[in-house]
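**Student:** Handing you a structure now.
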């Protein structure tokens, strides 16, 4: 996205082959951005902040909420009308949380009761605002900051709880002055509407959310020893690593460095746990930086003395599926002892058995229960497992090859 609104040509290495990333590329190509692909490397010829062409048909975001919410911020600052659509899952997710700030900035967004399809009638320049998101969300923050790049002044987003800061780091990489003012009440992140982005090549670290499935699998299987190089360890994303260590997983981090303003390192995980606790609980501010990893951590909880309780995670109910309900139902099918709460769940240490599992069309549920299947006695069948391609094409082949 940032390379598309930059001036010049950007070469991006280690670009994910996932369906979500393909949806993003397709949207920008439909907006007139030249993109070339060669295996895991793409080249994007940026058109600047206002060089997009009006799309000839609706922009299909597929299953990607990140694509829809962040792209909405960019399109709000254009002088044409565009429509964003997605699959059934995406069109059921709440978009009012971005519609409201974009409306305050002067864009007109039509929706189906706060859900996609979204038709955006942009404005240039937008009005700069100071915005307090109703929930802690990096997607809301990023949407508003991207819109702020086409505003008439300085746009700010307030965060009482820090969320993922990839957007701020990448904006700086492309030459944007992102101001962060910290106080006891949180952080105020600001960008100016007169900022310009300059193309700059990128090497993308590997995704720790994808690595988490292999980290849990290795930790739970006695005798395992797996090393994953160049994994992104952004401080706002590494919570899964820190949580697993605190729960007793044998994890080493080495060969640390930085790639394009993003810290990265090699992660080694060996089977077994060095400690245990009667009470293992995740709640509060850490949940915002752990939200995508909670399904696989619930699987980890089945192997822990004391199990694992997760609270303050109601946001999981409005992801690609109701992830709380999906994890609870599937764990019960596998013989797991689990209690469901409105904002989370509690998993007891359990001996899992093979069962027929429903992915609910959700890539993270499919992958989490692929790991659960390795830990279970007997055969497990996962319906709709192909949805893993949304974020990790070839996940199951990689998982099985790792067993050697």
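The values are calculated or read from the model by the stated rules, or taken from the named source; none is laboratory data. Small disclaimer: the values here were computed from a predicted structure and weren't measured. Glycine also receives a Cβ, built like all others from the backbone with ideal geometry; neighbour counts cover every protein chain displayed.
**Student:** Going by the structure shown, is residue 235 within 20 Å of the chain's Cα centre (by Cα), surrounded by fewer than 18 Cβ atoms within 10 Å (Cβ to Cβ) and either part of a strand (DSSP E or B) or not assigned by TED's automatic domain parsing to the domain that holds residue 352 (or both)?
**Tutor:** On the way: within 20 Å of the chain's Cα centre (by Cα): yes; surrounded by fewer than 18 Cβ atoms within 10 Å (Cβ to Cβ): yes; either part of a strand (DSSP E or B) or not assigned by TED's automatic domain parsing to the domain that holds residue 352 (or both): no.
In short, no.
**Student:** Looking only at strands (runs of 3 or more DSSP E) that fall completely inside region 291-404, which ones have 1 or more residues that are in contact with a strand residue (DSSP E or B) (Cβ under 7 Å, 6 or more places away or on another chain) and closer than 27 Å to residue 164 by Cα?
**Tutor:** Details: elements: 308-310, 338-341, 344-347, 356-358, 381-383.
Fully inside region 291-404 and qualifying: 308-310, 344-347.
**Student:** Next question. Of all the strands (runs of 3 or more DSSP E) wholly in region 4-123, which have at least 2 residues that are touching a residue at least 24 places away in the same chain (Cβ under 8 Å) and not assigned by TED's automatic domain parsing to the domain that holds residue 362? It would help to see each step written out before you state the result.
**Tutor:** Values: elements: 7-13, 35-38, 41-47, 81-85, 108-110, 118-121.
Once the strands (runs of 3 or more DSSP E) in region 4-123 are filtered for at least 2 residues that are touching a residue at least 24 places away in the same chain (Cβ under 8 Å) and not assigned by TED's automatic domain parsing to the domain that holds residue 362, what remains is 7-13, 41-47, 81-85, 118-121.
**Student:** Residue by residue through region 124-139, note down the ones that are in contact with a strand residue (DSSP E or B) (Cβ under 8 Å, 6 or more places away or on another chain) and either surrounded by fewer than 16 Cβ atoms within 10 Å (Cβ to Cβ) or outside any strand (DSSP E or B) (or both).
**Tutor:** Across region 124-139, the qualifying residues are 125, 127, 128, 129, 130, 132, 133, 136.
**Student:** Does region 175-193 include one or more residues that are over 28 Å from residue 245 (Cβ atoms), in contact with a helix residue (DSSP H, G or I) (Cβ under 7 Å, 6 or more places away or on another chain) and assigned to a loop (DSSP other than H, G, I, E, B)?
**Tutor:** yes
**Student:** When residue 86 is evaluated against the numbered criteria (1) touching a strand residue (DSSP E or B) at 6+ places or on another chain (Cβ under 6 Å); (2) buried (at least 18 other Cβ atoms within 10 Å of the Cβ); (3) within 21 Å of residue 318 (Cα to Cα), which criterion, by number, is the only one it fails?
**Tutor:** (1)
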